[in-house]
Amino acid sequence: MLVELHPADSHDDLRYVVVVAFDQDRIVLSRKHGHDTWETPGGHLEPGEGPLAAARRELYEESGVRPRALYPAFDFTVDGIASRAFVAEVGQWDPLPDSEMAETRGFDDLPDQLTYPDIAPIVVAAARRAVKIRSLPLVGLLLDLDRTLLDHDAAAASAVLAWAATLPQWHGDQAESVDRWRELEARHFSEYQRGECDFPEQRRRRVRGFLPQFAKLDDAEADRLSARYLEHYQNGWTAFADARPLIEHALSVGLAVGVLTNGDQDQQGRKLHRLGLDLPGVRLFASSALGVAKPHPEAFRLACAGLGTPPAQTLMVGDDVDTEIVGARAAGLPAWHLARETARPNSLSTLAELHGLRAWPTPGHRAAPAEHLRPR
Ligand SMILES: [Mg+2]
């Protein structure tokens, strides 16, 4: 069963609405007559009924809750079937009306006995995140680039195989080559980030480590091979499908948007352009131009200075906890970790979850001029 989250209002072929209702921190669940499992209120849309009206009706029929707030949090699909999830804050809780439900009450945590055990934990955790995301008093958004906006692993894997196939010395083991290349990239890029070598040198070291026959290549030969890999890599640059919609959303609600990335300003700029993410207003902050790399807190402070946004009101989002989340928090920024492959309650599973972000009004705020940001 595949459960995927999408921005609220992104689907007009909704089959169901689901309401995650919070009574303070407790979540409202109901139990059907003759069953011992619990579920969030929700159900089919009736003919001609809008999703919000359906959510309000289902919530009352199945729990007796009259909400003081009710809003769409996200859409989700289960094996392609679309539903909209609403978040409600309990205003008044009436006795349960006559319905298919036998009982309703508030839970601190989801019980083990769930009617939809494959769906409810994902939807409820995402609803809790949606509540937090909506409440962030933001004026700015900083996004990591590689593996957050760019599908770097897919691009690197297909590039290394295409490149290796042109090398007469290659042994032909695809899985080994992809793993080895990933390991070499991580090791030598870290050396570059720690200042132990320059950017071209970390590329040469990756080439020299790839095959035993390459260990003693001179700089010119390593550069030549590296350039050929790079061509394949650049041809494979693809943005994750949720990247551009999020940037467009953030700009449309008035957030200052920056991309904060460790790497070379020119290369990362070309990347952003190739991905179609260099939308007007998006600022790029690469470590080569900042003079300091993530996770150093100064990198985050400089990027905020460049955006003209206070760190406490600038959200950092990235895929690497040690590089982005720890560093951003040390610099005073709120930060959310993006874990695309593994569902975790405190991590985003997709950038689509950030469509609840709103810019907080700050009279007089404006972005700093570009000169504010100087390489050091
Ligand atoms: Mg990253």
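Could you pull out the longest piece of the chain with no exposed loop GluC sites (Glu not before Pro) in it, calling a site exposed if DSSP puts it outside H, G, I, E, B and it has at most 16 other Cβ atoms within 10 Å?
Values: sites that count: 49, 100, 196, 341.
That would be 197-340.
Along the Cα→Cβ direction, 7 angstrom out, place labels at residue 213 and residue 36. What is the inter-label distance in nm?
A separation of 6.7 nm, rounded to one decimal place.
What are the ³J(HN,Hα) values, in whole Hz, obtained from phi via the Karplus relation 6.51 cos²θ - 1.76 cosθ + 1.60 with θ = phi - 60°, for each residue of region 241-249 in sequence order, with x given for Gly and Pro?
Whole-Hz 3J(HN,Hα) from phi for region 241-249: 4, 8, 6, 5, x, 5, 4, 4, 4.
Spin-label point model (7 Å from Cα, Cβ direction): what's the residue 321 to residue 339 distance in nm?
Modelled inter-label distance: 0.7 nm.
Grab the Cα-Cα distance for residue 305 and residue 292, subtract it from 0.36 nm times how many residues apart they are, and report the gain in nm with one decimal.
Details: separation 13, 0.36 × 13 = 4.68 nm, distance 1.39 nm.
Net length gain for the segment: 3.3 nm.
Between residue 230 and residue 346, what is 0.36 nm times their sequence separation minus the Cα-Cα distance? Round to one decimal in nm.
Values: separation 116, 0.36 × 116 = 41.76 nm, distance 3.54 nm.
So the chain would gain 38.2 nm between residue 230 and residue 346.
For helix 51-63, what angle does its Cα long axis make with the longest principal axis of the chain, in degrees from 0 to 90 and rounded to 10?
It is inclined by approximately 60 degrees.
Using a simple charge model, +1 on the beta-carbon of Lys and Arg, -1 on the beta-carbon of Asp and Glu, nothing else, what dipole does the chain show about its Cα centre, in debye to the nearest 20? Don't jump to the answer; show the numbers that get you there.
Numbers: 41 positive and 55 negative charges, 288 e Å.
Its charge dipole is roughly 1380 debye.
Using a Förster distance of 30 angstrom, determine the FRET efficiency expected from the C-beta separation of residue 199 and residue 241, and round it to 0.05. If you can, show how the numbers build up before the last one.
Numbers: r = 30 Å, r/R0 = 0.99.
Calculated transfer efficiency: 0.50.
Which parts of region 11-41 would a label at residue 69 reach, counting a residue when its backbone N lies under 20 Å from a point 7 Å out along Cα-to-Cβ?
Inside the label zone: 18-29, 41.
Determine the percent antiparallel among the DSSP beta bridges restricted to the chain, to the nearest 5.
Antiparallel: roughly 55 percent of the beta bridges in the chain.
With the crude spin-label approximation of a point 7 Å out along Cα→Cβ, what separation in nm comes out for residue 223 versus residue 15?
Going from the residue 223 label point to the residue 15 one covers 5.9 nm.
What FRET efficiency do you get for residue 176 and residue 4 if R0 is 45 Å and r is their Cβ-Cβ distance, rounded to the nearest 0.05?
Working: r = 32 Å, r/R0 = 0.71.
After rounding to 0.05, the efficiency reads 0.90.
Read-outs: derived from the displayed coordinates by stated rules, not from any lab. From a predicted model like this one, the values you see are computed outputs, not experimental measurements. Virtual Cβ from ideal backbone geometry, glycine too; neighbours counted across all protein chains shown.
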